[in-house]
Amino acid sequence: PGGVSYSNEWVDFDDGTFENAITVTSGQGYLGNFFGMPYGVQSVTVHAARVWASNAGTTTLAGFAVIGGQPSPTPLYQISINTAAENFTSEIVLDWDFQGSFIIALLVTDVIGLGLDETSTPSSNSWSNIGGWSEWFDVAQNNAYVSDGEFGIQARITSVGGSTPVFNVYRDPGLDGSSYQLMFNGSGISATSYVD
């Protein structure tokens, strides 16, 4: 949304309790949270993160840029972290810079899983990269063996810039027969609906 900004504040999508954790049976893959940034943002700094994991161990925390609504296939940042068993990690200092929305993801294995808050459904911020990025809601809908919910990753964020979006409404064909004619009152609209 426009007009929203973050000033060194924690952002999370879970309720702080986790009914389950997601692991993989073999191999590894990334599970993470999509942090949608304000429209028109100039820059974003992720100062720190916390992760709720199922077991203690060493794994990777990564930051992925989101471009045009799609997460990048390769991480922009990576750091080795130590997880705690069924608890949040201490604050992990990152200071990662992004130009807009991003995903912070944990590399899960058959031993270290990422916490799943099953009471926060339907999920809207959880994403999976096990063979390609997918929204976790879609993964859960298509797999009877996994539950939906929000993942246990929290981030402390500062954003710079942002504005309220405005829209133009066009008609094709236009009233004069041209292609994509701007409606007579369809310029600079800030409302989220338009009646023709």
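Region 92-157 and region 170-196 have Cα centres separated by 39 Å. Among the GluC sites (Glu not before Pro) within region 71-142, those in coil by DSSP and having at most 14 neighbouring Cβ atoms inside 10 Å are GLU86, GLU91. Using C-alpha pairs under 8 Å with a sequence gap of at least 6, the mean separation divided by the residue count of the chain gives a relative contact order of 33 percent. With all protein chains in place and a 1.4 Å probe, the accessible surface of the chain carries 48 percent carbon and sulfur.
The helix-based estimate of mean residue ellipticity at 222 nm for the chain, built from -39,500 (n - 2.57) per DSSP H run of four or more residues and divided by its residue count, is -500 deg cm²/dmol to the nearest 500.
Taking only protein heavy atoms into account and a 1.4 Å probe, give the accessible area per residue of region 28-158 in Å².
That works out to 43 Å² for each residue.
The relative contact order of region 1-100, computed from alpha carbon pairs under 8 Å that lie at least 6 residues apart in sequence, is 33 percent. What does the net charge come to around SER187 if you take all other residues with beta carbon closer than 15 Å to its beta carbon, with K and R at +1 and D and E at -1? Result for the local shell: 0.
The values are calculated or read from the model by the stated rules, or taken from the named source; none is laboratory data. Please read all numbers here as calculations on a predicted model, not as lab measurements. Virtual Cβ from ideal backbone geometry, glycine too; neighbours counted across all protein chains shown. What goes into the accessible areas is simple: the full protein's heavy atoms, side chains included, and nothing from ligands, DNA or RNA. Shrake-Rupley method; radii C 1.70, N 1.55, O 1.52, S 1.80 Å.
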